Every structure is written in C-alpha cells, then in structure tokens.
Amino acid sequence: MGQTRLLWPLCLMSLLCCTTNQVHLSVSPNSSQFFEYDSVTLSCEEDDSSAGWTLRRNTSRDIRTECDKWGKPAGSSCTFNHIVLVDSGVYWCESREGPISNMVKLTVTGGSVILQSPVLPVMEGDDVTLLCKTKTTPSNLPAAFYKDGSLIRKQPTGHMTIQHVSRSDEGLYKCDISGHGESPSSWITVTVDAGSPTSPPPSASASSFYSSFPSPPLSVMVSVPSITGLLLLVILLLVLRRCIQGKAGERATAANSSSVGRTSADERKGSKMMRESDPAAVYSSVHRTPEISYAQIPIKMNCRQRDLPPEPAVIYSSLKQTRTPSPQLNQSNQ
C-alpha cells in the first residue's frame, strides 16, 4: 500500500512529460551571427505540427514583442528581409498554453567578420564545422580560431572542423582574420540527445554571453506542465517525509521496549548474583500444607493482686526543751 502511494505521483509525472509536445526554434541560414542587412528566417518546428506557436523576442529596445512588430510573419515562421543591428537579441517560440521552446541568441554585426556556427545544440559524437566569413569575397581566407579566449588553431582556408564533439568542446568560440578583424563570440552547446536541447553550462563565459540581452520573464518560462510537475514533486517529498517519520517513530518505540526489557533482566540477574554471593544468608523453603485449620483462641486477663498486711500504727511525739539553772550559779548568787 505504501509503495503504491509513492509510485502514483511518479507515474503521473512521467505521463505528463511524455504527452508534452517538443518544439524548437530553427534559424536559416544555420548561424547565430549575421551581417547587417542579411536575410534571415526563424521557424517554430514541432514534432507533429507547427500550428499554434508564436515567435517572440527580447532586444535592447523591446520585450516579448511578436513577429508582426519586427518581421514578416507566415504561420509559425518569421522572416527578416534586412536584419539590422537593433535586431540583435534573444528569440523563442511560445504557445497559447504556456510552454516555450529553446532560446536562440542572434547577433547582428556591422563589422566585416562573422563566425558561422550551429545555432542549435549539436549531438555528442557528431562533427561540427566552423566557418570564419568576411563580408566581402573571398570568404576562404586564413583564420585563427579561439575557444574561451584561447587559441585553438589556425586554418589556411577559413574553416575548422571539430570531429566527434564531446561535452568538453562546449564553449565560447570566435575567429580572427588578419587584416579584416575579429568576429563576435558564439556559444556552442553539445547534448547527448538531439531531441532535447540542453542549455549552456553555468560558466563565467556563458553567463556573460547570455546576459547581454534580457531573458524572457519568469511568467513566460514557467509552463503549465512544469508547474504540475513541481506540485507532484512537492507531494512526493511530503509523502516520503511522512513515511520516514513513521518508520523513525516505530524504531524509537522498539528501542525503548528493548531497553526496558534489558534493564529488567539485568536487575533480576544482579539480584540473583547478590543472593548467591552472600555466604551469611540462610534461606528456608516453606512447604504448603494441604490442610489448614483456623480457630479463635480467647485470651483471659488474670490480674491477681496480693493483699498487703496493714502497717502498724505510727505514734508521733513532741519534745519540749527546758533550761534548768546550774547549782554553782545559784551558790554564787547567794
């Protein structure tokens, strides 16, 4: 019963995750950097359809604006006939129900060098080609490529291929063509599953790269399935906490009972040892008699007094002192 109660939130959460449609934003041409006045098309692509999605963006001058304010809408796509510098920003697809797609940062430069790199995350193990391109032809000039500010290599033809990419290849890339200048930086993300793009890791270079433009507000990024999943997670944690507390209480009760039993046994054992170790103690066994008679015994008080003989009569006398004159004294007086 307890296991079933714990499993149903997980099953419901898995069902919600499986039924949520995945959508991603694609860019044509496949690059995150563009020269000013280039033509660019953005499209919201879903697994089964592309209906019901709206393109929005955040730039230095507008927040969450739709395609009809800055481009030419066509269903779930939006086209820049001539992209300009102020179009640099963060773009994403959003549905009426709340979910959003991956976010893409587009950089429009007025310089003469750009780095063409995949705008979407690349799958681990694939080959990735970077092209350092100038605004004027030819575009196959020798170029130096950098990752996170450190020189990787110099290529004579202006393009570099990273074979069998791994997570360690993620980072901030740029290129430099001598005599023309340096390109802006672009982030390349590597994922283990092409169907679930990952976000850049929270490194210092990634933070500075994505903090150039405001991100979508929290109310947009939080979707209905994510809220439902969060609630289910909270419920699951509460149930687990309750079960853990119940088991802890049972263990405490069992421990107390065991402690009391051990204490009583120790006391009995100690008392027995004291009796056996005392040589002066004499014990007798009392056997129960099969028949017991009870009787009342009257007790008579025998108070005998001896007759004392009467005391003899006591005669008291009084003595009176008289003075008799001496004969010699009488003779002298005569």
Considering all projection directions equally, how large on average is the shadow of the alpha-carbon convex hull of the stretch 22-110, in square nanometres?
5.2 nm²
What list of whole percents do you get for P(r) of the stretch 111-196, with Cα-Cα distances grouped in 5 Å bins up to the one holding the largest distance?
3, 16, 27, 24, 15, 9, 4, 1, 0
Residue-span extension gain [Asp126 to Lys247] - 0.36 nm each, minus C-alpha spacing
38.6 nm
Looking only at the stretch 111-196, where both bridge partners belong to it, what percent of the DSSP beta bridges are antiparallel (to the nearest 5)?
90 percent
Filtered trypsin sites (Lys or Arg not before Pro), the stretch 93-136: DSSP coil and at most 11 other beta carbons within 10 Å:
Arg96
Treat each spin label as a single point 7 Å out from the Cα along the C-beta direction, and report the Ser60 to Leu151 distance in nm.
3.1 nm
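FYI, it's all coordinate maths here, none of it is from the lab. Every value quoted in this text rests on a predicted model; they were computed, and no experiment measured them. In this analysis, Cβ positions are derived from the backbone assuming ideal geometry, glycine residues included, and neighbour counts consider all displayed protein chains.
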